[in-house]
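Structure first, commentary second.
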Amino acid sequence: MIQKYHLQRAAYVLLATVALASCKSKHPTSVQPGKKSTATGIAYNEKDGFQVKKFAGQKAGPNLVFIEGGRFTMGALEEDVMNSRDNRERTVSIQSFYMDETEMANVHYLEYLNAITRDSSEEVVRAALPDTTVWANPLSFNDSYVTQYLRYPAFRYYPVVGVSWVQASDYAVWRSNAVNNELAKGGGEKKKGGFSLKRKSKKQEEPALAEATTASAAKPSLESGMILPDYRLPTEAEWEYAAKALIGTQYMDENQINQRIYPWDGSSVRNPKKGRKQGQMLANFKRGRGDYAGIAGRSNDGAIITAEIYAYPANDFGLYNMAGNVNEWVYDVYRPLSYQDVNDLNPIRRNGYLDEAKNYDSKSKQSLIDDRLRVYKGGSWNDVAYWLSPGTRRFLDQDSATAMVGFRCAMIGVGRNK
């Protein structure tokens, strides 16, 4: 009887397999385009003909995590204690994308400085140097951070700080070229030397995130599928969506159990789960006036200033430190009314479109707003818990740098939804 049951079960499995195989689409796809054009009937890859290279789908670049897109309620969920009213709740949809699982660390930025020192001008190198004096304070003994935080090996995997929005954007351009150069080595001739970074003039306020910055004679074409799309700073909407990670609150179709004030469930900043880590802080932030970590022996968040980039639990997308440690630059220019102006699909606020800077009286010091202000988010080691909420937002001049702001990169996700 048991043997008969197993035979029947095996037969059902076989039938199901055959049925699935028969249902498999025979239509061409991006990964399997077929041998000839469905529009003209002309064969691909003939001599002097249209070349359609083999493509196995976009791969995640180094340090990137896939973020499945979707709908979410963007905006501030905490009480608006600053009375800024600049991020009201609204529903938006975000296309799937990739994001760095961690903030960029000192070792990553030193790698960049080393590369451009070898193949770029002295002016470019000087412009890329982080401002280590952001740690300096005449009433605080932070001298060792000024001289050692960036370069001393013990700080290698601490987040880089003192980097402006412009510098972070330039890093993303260099990183795109460096990663694609490494990928190209496996499929073409090795290119002698490295990539050089050409800075744009000050009049050009947006970085050329999608422009090549080097000679491309030996670099495979974009159509080849051998290189990745560009690294860039995430948009504010992408960053907020990734931080909330509401994928962890879903059940039964499109239902969600709850919203999130922080990148984790609940209104507490401590770990609620029973066990050895119960009660520990889930992020690195300032607990109160003069209290950056707790007491010795019970240093609850484990860090007086910044902490290593993997120091706290990842959120449900697998992203570390989306709250606390350092704030992070995003692509958007700051406007208080972005929430009502931008599109509800992949929203972004750019320079020079709607709500122009001339509408704000910055010349007479009646307003701080102009086209050089960039949004940063996430809270830092020097911020209270209020700023850990993904819906909060602040701004700085794009050439400014502090010890509380770092960055991570993002990349478009193409050809897959899951």
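Projected label points at Phe141 and Ile247, each 7 Å from Cα along the beta carbon direction, are separated by 4.7 nanometres. Converting the Cα gyration tensor eigenvalues of the range 60-162 into ellipsoid dimensions via √(5λ) gives semi-axes, longest first, of 34, 23, 14 Å.
Taking amide H as placed 1.01 Å from N in the peptide plane, Asp332 has its amide H under 5 Å from the amide H of Glu236, Val375, each at least 5 places away in sequence or on another chain.
Once the C-beta distance of Gln148 and Arg270 is scaled by a Förster radius of 22 Å, the resulting FRET efficiency is 0.10 to the nearest 0.05.
For the residue pairs Lys244/Lys363; Lys59/Lys377; Lys26/Lys47; Lys244/Lys273; Lys59/Lys244; Lys244/Lys365, the C-alpha atoms sit more than 31 angstrom apart in Lys244/Lys363; Lys244/Lys365.
Length gained on full extension, Tyr386 to Arg287: 34.6 nm, using 0.36 nm per residue less the C-alpha separation. Distance between the modelled labels on Leu110 and Asn255, one decimal in nanometres: 5.2 nm (7 Å Cα→Cβ projection). Size of the range 250-405 from its Cα atoms: along the principal axes, largest to smallest, the extents are 56, 45, 22 Å. With 0.36 nm allotted per residue and the present C-alpha distance subtracted, the Asp399-Asp341 stretch has 18.3 nm of extension available. Say a paramagnetic label sat at a point 7 Å from the Cα of Arg156, along Cα to Cβ; which residues of the range 312-326 have their backbone N under 19 Å from it? Label zone hits: 312. Between the amide H of Ala293 and those of Arg287, distances stay under 5 Å, these residues lying 5 or more places away or on another chain, with hydrogens modeled in the peptide plane.
Straight distance only, please: which aspartates and glutamates reach the Cα of Lys185 with their own Cα at less than 18 Å, same-chain residues fewer than 8 apart left out? Cross-link targets: Glu223, Asp230.
Per-residue packing, averaged as other Cβ atoms within 10 Å, sorts the ranges 261-274, 243-256 into the order 261-274, 243-256, beginning with the highest. Taking a ≥ b ≥ c as the square roots of the eigenvalues of the Cα gyration tensor, an a/c ratio of 1.5 or more together with a/b no larger than b/c marks the range 320-367 as oblate.
Quick note: the coordinates plus some simple rules give every number you see, no bench work behind them. Given the structure is predicted, the values throughout are model-derived calculations rather than measurements. Because the Cβ atoms are built from the backbone with ideal geometry, glycine has one as well, and the counts that use them run over all protein chains shown.
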